[in-house]
Every structure is written in C-alpha cells, then in structure tokens.
C-alpha cells in the first residue's frame, strides 16, 4: 500500500436532509472524514443512523425529497457538490462505483447480466462488441464465477443472491474505480455466502488497490475488512478510530454498547448487552448529545451539544467524557 | 409452452361455450321475445288481440323456437342437428315441439286462460330436414339476420359496419397510446411538478366521468353552440352526411365527401381518445413511479447511465409490463366498438348495431357480436400472456 | 403462469386497534378536497332523501301548454319553473329531485348488494380454497369474459317490459317503492335493475377479497388463532374480515361510482329504468333528442351525474390515501 498517504476523498460538514410533509428529517447532520487511496473505511451504526444516506450522498444519488444541504465532498481535489450533473454522471460507475444491499433486486430483471455489465463498459470506456464481451468474461472470472460464457446470457432471477452480488461487484469494478462504496454488501446473504463475498472483496482489494467505504451494522465485518472505522449515530459521526484501537479501547459509550452487543465466539457471557431504547427521531433531534437518552454514563453537560474532540493521535470522539 | 397452449385453448373453448350458452339461454328465455312482438304488432294494426295460429307457427319456425333449447343452441353453434343422422338414423327422434298442447283453464271466477302444456305435434329429425340451417358459428357462419336485414346473412351486416368501428377504435387506440405513454412517463419523472398536478387532475376527472356525458358536452359545444354562434362547427351524428351543408367561413361541404366524413370523425375519436388517455396515463404514471423506486434504477444511476436512458431503457421497459394487461382488451375493443360513444354520435359501427339488434330482438346478430367479442377477448388475453413471457424473462408459461 | 410476488400486496397487520382508525380519520380530515367532496355527497344524499318534500310539482304531471320552458321561466299559470320543463311540460326540477332518489339510491343499494355478494364469495373462495374457490373463480372468469355493459344490456332487455312477471313479494316491492320514492308498480323494475347491477358488479370485490383472504390465511396470527382452537367462522369474523376492511371501503366507493355510471349508461341507452320513472340517465336520454333546439336540456341531468361521480371518486381517493398503511403521520 504505497499510496496510503494520498488523499482520495475528503468529506466536510456533509448535511443531507429530507424535506417531508411531517418536517425536515436531518438524516445526515454534519459528517466529516478523510479517505486515502487503498484504504478501507468502515462506517457502522444502527439502521436509521444515516450511513446509507451518507453513501448515496457521495454519489449525489439521494432521491427526493432528500437533498444535500451543506458540506463539501472533495474527490481527488474536486468538490462533487459543485460540478455539473453530467460531470457527476461521468464519475459514477467509472471513478466511484457502488454495490448495494439487495443484490437480487439491484439488477434489472429484464436484461441479461452480461449486458448489464457491458453497459457500464460501453458508457465509460466505449467498449463494444467482442471487445466488451471479452472484458466482461474477464470480469466474471475475476469475481469467481465459473463458466462466464453461460452466466452472461442469464437473467438475474436465474442466479442466487451470492452470484448476483458477484455480478454487482464485477459491474462495480468494471472500470477500475478509485473508490468503491459497498452498502451492506453481505447483509442479505446467507452466512457462508457472506464469508465468500468478504473473501472475494479482500482479494480484489489487494489486486486493484481501490479505496473502499464499507457500510455495515455488523462489527464482525468491520473487524475483518476495515482499516479505519467511523461510528455513526443519529446522523452524526460519534467516533473515528483505527480498527484495532476501536476494538481494543472503544471511547464513546455508544461504541462500547455496540461492541458489547456483539456475540464473541468462545466467550461465554451471561447475556448479550443490549442498548436500551431506539434511535431518536431525526425530525426534531434532541438538544445536546443525541445519544444522551440511551447513555448509561450521561451527566449534566450532555444537554449541551458535544464537540468532536481528539483525545489521542488519529482518534476522534464526540463525547463530553473526553473533554 | 405446447402444453400451456393446449391447456389454454381448452380453457378458452369452455369459457367461450359457457358464456355463449348462458347468453343464448338468457336471450331465448326472454319473455319479450318475437311472438310477443308479433302479438303486439297485430294488436296495433287491427286492434285484435288474437293471433292466427299459423302466424305463431311461422314465427316459431323462423326463430327456431320450436326446437328444445339445447338443440337450438347446438344448431346455432355447430349446425347440428340438421336432419336424421347419416340420412337415416333417428328419423323419428324428437328434438322439439312444432305445436304445443294447449290447456284451457277455467277459473272459479269465470276467467279463462289458455296455457301451453305438453306437445301436440312433436318436431322430429325427419321433419327438419328441409329447414335451412347455418353451418354453425364455430365454422364461421353466423346465420341470418332476423329483423334488421331480414334473411340476409349476419356476416354481411357485420362486414358492412366493421370498417366504421375499426377506423374509429383503431385511430383512437393508436392516438391514445401515442399520447398517454409519454404523459404518464413525464408525470412520473416530474412527480409533483405543475405538469404532473395538471395532468393527474385532468386524468382523474377524465377517468371518473362517463363517456356519454363527454359526448353530449362535445356535441353541445362543438356542434350546437358553435353553429349558433355562427362559427365553424363539427357536424354530429352518422359517419357521413345525407345533405350538403355549409360551414361558416369555409363554404359548401358535399355530403359524403372526404371532408364531410373527416369532420364527423373528429368528435367520436376525440371523446374516446380523451377517455383512454385519462385512464392509461394514470396507469403508466403509477407503474412508472413504482419502478422508479426500485433498486435496479438506483443501480443504473450509480453506473453512470444517462438519466434519459435510465428512464427509457431501465425503467420504462419494466413499467410497461403491466400495461400489457390493459392492452389485452384492445383486440376485443377494436371489433366490439364503443357502445356508448357510438350511440351518442349515432356512429354506424358494431356497437350501435348491437344496441339496435337488442332493441329489435335480432338475436342472431346479438349472439354473433357477443360471440366474436368473447373470442377476441380470449385471444387478447392469450396474446397478452405470451407477450408477458417475451417482455419479462421471469415469467414462464406453465 | 407465475408472476413473482412483488410489493403488490399491502402489508398486513393484526386487526387494527381503535387508535389506527383515529389516525385514519385524522388524515382524512386533513385531505381538504376529499372532505369537500364528502360534504357535497352528504348534501346530495340529503336532498334526494327529502325529494318528495322539496318537489314543487307532481312528478309526472304533464302540461302541454308549458313544454320546453327554459330554466327560471314562469309558465302560463304563473308558476315558476326553476329548471324549466321537459318535452311533455313536466317540471324539470321536480323530476331531477326524484331522479336523484332513484339514481343515488340505486348507486348505493346495488353497490351494497354487490359488495355483500363479493365479500362473502371472495372470503369463502380465498379462505377455504378447494372446490369453493374453483366454482367462484370459474364464475368470475365467465362473467369477466363478456363486457359488463353488454351483459347488463342483454339481461335488462330480457326482463324490462315484463317486470310484472317477476315474482317479487308485494311487501318487498312496497318497501323499495318507499326507498326509491317511486310508485309501487315502478318499484319492480327499479329493483330489478338494482339486482342485475349487483349480480354482475360483485366480481372486482370478490377478486380483491379472495386475494386478501388468501394472504391473511397464510399469516402467522391466523396459525396462532387456530392453535388456540378458534373455529373457522370465528377466524373469518375476527381476523380475516377486519383486516380486509380498509381496501373494502375504498372498493365500495369505487363501486358506487361504477354502478352510478352503469345505471346512467343503461338508462341513457334507453335500456334501464324507463320513463316515467325519472333517473338522471333517462332524463339525459330524453334531453338528447331535443338538444339541438334546446341546448340547456341535457346540461341539467348531466350536471348531477358529473358532480356525484367526481365527488365519490375524489372522496374515495382521499380515503385510499388515509387508509394506506405505507403512509405515516
């Protein structure tokens, strides 16, 4: 990983809100992070914490009534929020690509999978005919699908979930993207298939040196895959750390809760800890620390908005305990 | 595929026969049948309420009322029985009743009523040998018209009206698709825009209102009021005029000329098209909105597909799949015509013919039109099912 | 043919509590157009209920010296004819009031009948399956194979004109004569048209209900109820029916509109309820013959058809939004 220090993505103050009839849902409310080439960044949090919206914001694919209201997305030095739709489109699928949670529904049911991969190649590399077919076969082999010739002619419904996800990965990697966003890539799959897909992603990462943003609610996946981790809660980043540090010494009470709720093999505990309560409404988020209501270590100060602090080098946490 | 087709054909066959049989029974059980009409006509002519027995006999024969119902139906359907089998077998088998027995009932209060009971002269296979019989609708022979075009083949009558219905329905269906699909797509893509609001409101009103009200309003505005105001107006009623007429600012228009016909064509086509567009654009919009939320549309965008292609290629292809169901009825509509619209504009198509035939008890015509309609509807549904498998690879015929 | 089950079926939840109905009413109240249409509908129903009281003239009283009077004119006896008179000099306003009783009465009564048939058969077919389902489904198929209007036309032609022969007990006729504000001898045909409309109008409801019942049957809480020893009947009444209620209510409003228009269309074509019993449809049919000389005539029966149809539809639309479980708030 020679390029570790070269920055590919810098997100600053990202706010994505949804303007619904009931009010403004502040789904992402001030997210900052930096990603380097070849780095894998895990984003974890419960459902509703804003991690998926964050990833869609990066591609400017948030659909109505959602909108990026604030912030900068510096991709290779260019602010993605300020370029034209056409420029953005040229980046999607080429320099930044994405794979989704439900591989079976993410593929268009009426087109052959081969054609769906080739479409990407045609759009961004102008490949057509035999050339495109050839490249498509290579990609399918690369993601470990035997008999690519036959696969290309199949329709999504003829493939299993795991096979569909491999197709999605092939499609995402078709143009050697500099950034791959994987939104819960294994959640919808069987456990054994999950492991295979993770293995595949790890192997490919070594091979093509792409920066990856891995979104998941599964701490185990993070532990296996990520270099650095962002923990999100109620639309905000609450903790950022290198993965080993995070597991060894979690700082934010929410992170601690998340880790305690994770079953550990061979570790016999009386019961799994559960974080009481649910994610607060993002229409009128609570004043002060958003986690305060569920936090077992809250004190008076928690009614004020906690700032992001850096208690040690390369670690950041949004909690009054470390002030 | 083959087994599917065979099963479907058998199914279609049964549904058609059952539907035809039920309609047949209904029509011929009708109390207001031909004999009543005859009695009524006589009463009007000479004030006499007694109808000659031979008159009744003649009418019964003419409308085949002397056959028992199942035989009457099978003669209509397949032209059988038409005489003794192989010319010899069953010559004396009874298939109906020529002259029913009559019983005089004398009530205690002195009232006398004659009711039919039993059979005096049976109708046997031998006695029907000389009767004219159609080849049966299954072999394309719909028999003879009974009242509208006396003793002329129903087929002639239908063929003379078919061009009017085909041109009316064909034009309006084609126009409707060409206009409704883009409106539906655009409304969905620009959901909640001013265009969408306007279109959904118009479509909502259009699809909830009856066509005869639209037709009458159209005639009121474009024919009557325009004419009264001395403006150029659209003539209403019939497919071509009987007399030459003068259009303000344009001059004389010859009856039956292309211009005359064209002008008379506008309103019925317009009304039908408007109503179709209203319904179909709503349908396409709903279907498109559903599809635009699907994951694969997001995937297409994430791949960098141009927005126009996302909509035309990835979304529309899927959104049009359910539209096939609506189009299944188009074939039947093409030949069935639009009953109400044709009635409002006095358009001489098959729909108008159906209403006339019903009103004048020309049941051979009614049954023919009904039969053709049911068969075409069945074929339409079959075509739709086959189209589904072509358009949607997930669907298999089995 | 197998169509992959997509998101077509609304999500089912165990029987709704009172709180959820309160939410529905709250949402409905917020839907201003729907509320306005509801008020319009109630107004029309009230007027039709009071028709005999409001009507200024005898319904069928002809006045050959006062034919084709335009609205707001005064006849030679010095009476104001609010909406004019028809081709026989009968008071248009009076006839319109009585017509609203027949037309709206039919729309609601026939829909009620049709829904009752459709719900019963649909639930039975969907819940029990087997031969019950086969019979109901085949019947649906045959009825669906003939265009509804064609079918209605045939059946009505067959019976209209001979309604005296239809054996309906006298007391039933009297009740319906009262309900539709028509004379007893006219009630037979009105009732007949109602029955015919219902007999061929239940298919959509039955199909919907069958689907609902089938999917409810698959649900866990039905299993649970069965495990607790609930009888089939009890499951039907306590679980299947309440769960199917929201779409049924929407279906009912759509049915009212469909039947209103079907009755109007039949009468308009001259096949349904016959003059002198007034309905909006046959008034429009009569008016059509004189519209070239008296263009105002068709407007008067057409307006209530337009208004009633739009009001029912918009109200139904609002209701559908309010009942949609996917919407929150």
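Answer yes if at least one residue in segment B:367-390 is free of Cβ contacts under 8 Å to residues at least 24 places away in the same chain and within 14 Å of chain A (Cβ to nearest Cβ), and no otherwise. The answer is yes, given that some residue of segment B:367-390 is free of Cβ contacts under 8 Å to residues at least 24 places away in the same chain and within 14 Å of chain A (Cβ to nearest Cβ). Taken over segment B:200-210, the residue count meeting the criterion of being surrounded by fewer than 20 Cβ atoms within 10 Å (Cβ to Cβ), within 8 Å of another protein chain (Cβ to nearest Cβ) and in contact with a helix residue (DSSP H, G or I) (Cβ under 6 Å, 6 or more places away or on another chain) is 0. Taking the stated definitions as given, is residue B:118 at pLDDT below 80, surrounded by 10 or more Cβ atoms within 10 Å (Cβ to Cβ) and assigned to a strand (DSSP E or B)? So residue B:118 does not fit the description; no. Restricting B:345, B:354 to those that are at pLDDT 90 or above and more than 8 Å from every other protein chain (Cβ to nearest Cβ) reduces the list to B:345. With respect to residue C:309, is the statement that it is farther than 21 Å from residue B:224 by Cα, in contact with a helix residue (DSSP H, G or I) (Cβ under 8 Å, 6 or more places away or on another chain) and facing chain B (nearest Cβ under 8 Å) true? Criteria met by residue C:309. Scanning segment C:102-156 for residues that are over 23 Å from residue B:17 (Cβ atoms) and outside any helix (DSSP H, G or I) yields a single hit, C:129. For segment C:48-85, name all the residues that are under 27 Å from the mean Cα position of the chain (by Cα) and surrounded by 17 or more Cβ atoms within 10 Å (Cβ to Cβ). Residues satisfying the conditions are C:48, C:51, C:55, C:59, C:83.
Out of the residues in segment A:98-116 that are in contact (Cβ under 8 Å) with a residue 60 or more places away in the chain and at the interface with chain B (Cβ under 7 Å from one of its Cβ atoms), which is surrounded by the most Cβ atoms within 10 Å (Cβ to Cβ)?
Going through the qualifying residues, I end up with A:98.
Among the numbered conditions (1) assigned to a helix (DSSP H, G or I); (2) more than 14 Å from chain A (Cβ to nearest Cβ); (3) crowded, with 21+ Cβ neighbours inside 10 Å, the only one that residue B:325 does not meet is (3).
For the structure I just gave you, tell me whether residue A:95 is modelled with pLDDT of 90 or more, surrounded by fewer than 20 Cβ atoms within 10 Å (Cβ to Cβ), under 30 Å from residue A:149 (Cβ atoms) and facing chain B (nearest Cβ under 9 Å). Considered against the rule, which asks whether it is modelled with pLDDT of 90 or more, surrounded by fewer than 20 Cβ atoms within 10 Å (Cβ to Cβ), under 30 Å from residue A:149 (Cβ atoms) and facing chain B (nearest Cβ under 9 Å), residue A:95 comes out as no.
Every residue, every condition in (1) surrounded by fewer than 21 Cβ atoms within 10 Å (Cβ to Cβ); (2) away from every other protein chain (no Cβ under 14 Å), yes or no:
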site	(1), (2)
C:137	yes, no
C:142	yes, no
C:152	no, no
C:169	yes, yes
C:177	yes, yes
C:185	yes, yes
C:201	no, yes
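If the condition is being buried (at least 21 other Cβ atoms within 10 Å of the Cβ) and under 17 Å from residue A:235 (Cα atoms), then segment A:26-40 contributes A:26, A:27, A:28, A:29, A:31. Considering segment B:181-199, the residues that are within 14 Å of chain A (Cβ to nearest Cβ) and part of a helix (DSSP H, G or I) include one that is farthest from residue B:27 (Cα to Cα), namely B:189.
For the residues B:123, B:144, the requirement of being closer than 13 Å to residue B:363 by Cα and not assigned by TED's automatic domain parsing to the domain that holds residue B:366 singles out B:144. If we keep just the residues of segment B:216-226 that are facing chain C (nearest Cβ under 9 Å) and buried (at least 18 other Cβ atoms within 10 Å of the Cβ), which is nearest to residue C:269 (Cα to Cα)? Across segment B:216-226, the extreme among qualifying residues is B:216.
The set of residues in segment A:1-26 that are assigned to a strand (DSSP E or B) and under 19 Å from residue A:240 (Cα atoms) comprises A:7, A:8, A:9, A:10, A:11, A:12, A:13, A:14, A:15.
When each of B:157, B:174, B:166, B:178 is tested for being crowded, with 19+ Cβ neighbours inside 10 Å and assigned to a helix (DSSP H, G or I), the lone residue that passes is B:157.
Out of A:138, A:119, one residue alone is exposed (fewer than 15 other Cβ atoms within 10 Å of the Cβ) and within 28 Å of the chain's Cα centre (by Cα). It is A:138.
For (1) touching a residue at least 24 places away in the same chain (Cβ under 8 Å); (2) in the same structural domain as residue B:344 (by TED's automatic domain parsing); (3) touching a strand residue (DSSP E or B) at 6+ places or on another chain (Cβ under 6 Å); (4) loosely packed, with under 13 Cβ neighbours inside 10 Å, each residue gets a yes or a no:
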position: B:228; (1), (2), (3), (4): no, yes, no, yes
position: B:241; (1), (2), (3), (4): no, yes, no, no
position: B:246; (1), (2), (3), (4): no, yes, yes, yes
position: B:257; (1), (2), (3), (4): no, yes, no, no
position: B:262; (1), (2), (3), (4): no, yes, no, yes
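Within segment B:26-39, if we keep just the residues that are assigned to a helix (DSSP H, G or I) and within 10 Å of chain C (Cβ to nearest Cβ), the residue that is modelled with the lowest pLDDT turns out to be B:36.
For segment A:62-90, filtered to residues that are assigned to a loop (DSSP other than H, G, I, E, B), modelled with pLDDT under 90 and within 13 Å of another protein chain (Cβ to nearest Cβ), the residue that is surrounded by the fewest Cβ atoms within 10 Å (Cβ to Cβ) is A:64.
Filtered by the rule that a residue be crowded, with 22+ Cβ neighbours inside 10 Å and facing chain B (nearest Cβ under 9 Å), segment C:294-306 gives C:298, C:302, C:305.
The values are calculated or read from the model by the stated rules, or taken from the named source; none is laboratory data. Fair warning: this is a prediction, and the values are worked out from it, not measured in the lab. Don't worry about glycine lacking a Cβ; one is built from the backbone with ideal geometry, like all the others, and counts go over all protein chains shown.
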